[in-house]
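The values are calculated or read from the model by the stated rules, or taken from the named source; none is laboratory data. Since the structure is predicted, the reported quantities are computational estimates derived from the model, not experimental observations. Cβ sites come from the backbone with ideal geometry, for glycine too, and all protein chains shown count toward neighbours.
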Amino acid sequence: MQHQTVMDISSSYQKLIGITRKVADIGTAIAVLQWDKEVGMPTKGIPFRSQQIATLSGMAHELSVSPAVGELIEMLHAQDNLLTPEEARNVSLMKLNYDRYSKLSESFVMRRSVACSKAYHQWVQARAANDFSIFKDALAEIVTIKQEEAATIGFEAHPYDELLNEFEPDYTSRQLDELFAGVKVKLVDFVRQIRTKAQVDNSFLHQFFPKQTQWDFSNYLLQKLGYDVDAGRQDWSRHPFTISFSPQDVRVTTRVDEQYLGNLLWSSIHECGHALYEQGLPTTHYGQPLGRPISLGIHESQSRLWENNVGRSLSFWKGHYQQLKTTFPTQLSQVGLNDFYKGINLVAPTLIRTEADELHYHFHIMIRYELEKPLSKAHWQLTIWKLLGMNAT
Ligand SMILES: [Zn+2]
């Protein structure tokens with residue numbers, strides 16, 4: 001290889017960062033379209049919106065895996081001793097992504113994008129109608145596409161490892177098997193012990209709490225937890241989520257159940273935890289690996305830290321329970337702080353992950369993993385229909 005001067009290396013790095021920024025800008029435009037799709041778009045807009053997102057996803061992919069990008073990454077990686085430690089880390093993470101994603105074609109990326117948009121819409125319909133058959137075919141299509149993705153990129157021990165890579169870099173299903181086996185043994189026993197004791201009363205959470213007043217309290221919570229309202233906003237959605245367009249524009253959503261206050265309280269605190277992490281990422285690395293969340297596990301650790309360690313603690317409510325009582329004077333007039341604290345920590349199973357208590361939440365993750373792992377392999381249809389107790393039709 002021709003000898004490169006420090007100046008050549010610096011200009012090549014800047015060139016690479018310039019392309020990375022363009023890819024990030026397209027990615028952000030996709031995120032805005034997705035946010036709008038889930039927050040306020042009319043149903044009729046779905047087919048064209050899916051197409052728009054797919055087109056932009058294809059463009060971002062083509063730009064990020066172009067041969068020019070590959071050459072820049074290779075050259076910089078080979079001489080990363082001439083880069084700063086931060087630049088070298090960026091390049092090394094970019095290389096990992098390039099090596100994986102350059103194996104996927106633009107048409108595959110677009111097909112995957114359309115399938116995900118379609119599936120989301122059908123999931124919404126299936127959920128409203130409480131009818132899995134509406135979502136079944138869309139889910140089957142996604143499973144097939146993800147299997148194809150793992151096979152195209154390649155894997156060593158298990159196809160699930162490759163799919164996991166996107167969310168938990170370098171973690172394997174073998175490690176997860178070991179981790180969950182240990183957690184499960186202790187947790188099952190712990191939950192059983194709790195369930196044999198007298199249960200706390202949380203019936204005060206199951207009353208009528210007007211939507212608008214819940215919304216106002218949610219905004220109070222966001223502000224108190226340190227969410228920068230000038231760098232984000234909150235909206236309603238069917239499934240609470242956080243989405244970032246940059247650290248200076250991180251949106252959260254929440255949902256309300258007028259018959260159950262807990263739904264909104266912990267969704268809001270949970271999403272606020274995600275948002276605080278995103279708002280805290282360095283703007284100087286916008287669009288670069290160093291400016292992005294390191295893994296989904298770390299992301300979730302932030303949301304759950306706020307939700308459980310803070311949002312279900314006595315210390316937190318010592319500071320905020322009076323405000324909650326003032327907001328809902330009729331509903332909470334007879335509930336003291338200690339009873340409130342005990343009630344919000346009730347341990348009881350639920351079918352909905354986002355409403356799960358601190359302990360049962362882990363089971364949702366483990367069950368999800370136990371469903372997903374076999375799905376990543378061939379003959380998955382038989383496996384999932386068996387797991388769901390349905391006929392393989
Ligand atoms: Zn979360």
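Numbers at a glance
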| quantity | calculated |
| --- | --- |
| Of residues in region 249-264 being buried (at least 22 other Cβ atoms within 10 Å of the Cβ) and within 16 Å of the ligand (Cβ to nearest atom), the one farthest from L324 (Cα to Cα) | V250 |
| Some residue of region 331-350 being within 16 Å of the ligand (Cβ to nearest atom) and basic (K, R) | no |
| Those helices (runs of 4 or more DSSP H) lying entirely in region 98-175 with at least 3 residues of a type in the set (D, E) | 133-153 |
| Residue within region 313-321 that is within 20 Å of the chain's Cα centre (by Cα) and either at pLDDT 95 or above or within 16 Å of the ligand (Cβ to nearest atom) (or both) present | no |
| Residue match in region 176-189 (condition: among the basic types (K, R), more than 30 Å from V32 (Cβ to Cβ), out of contact with any Asp or Glu (no Cβ under 9 Å at 6 or more places or on another chain) and in the same structural domain as Q279 (by TED's automatic domain parsing)) | yes |
| Positions within region 346-393 being closer than 29 Å to I194 by Cα and either modelled with pLDDT under 85 or among the β-branched types (V, I, T) (or both), in sequence order | V347, T350, I352, T354, E355, I365, I367, L387, L388 |
| Within region 106-161, considering residues that are of a type in the set (D, E, K, R) and closer than 21 Å to P47 by Cβ, the one surrounded by the most Cβ atoms within 10 Å (Cβ to Cβ) | R112 |
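Quick grid of which residues meet (1) in a helix (DSSP H, G or I); (2) among the polar types (S, T, N, Q); (3) within 16 Å of the ligand (Cβ to nearest atom):
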| position | (1), (2), (3) |
| --- | --- |
| F217 | yes, no, no |
| P240 | no, no, yes |
| W266 | yes, no, yes |
| S301 | yes, yes, yes |
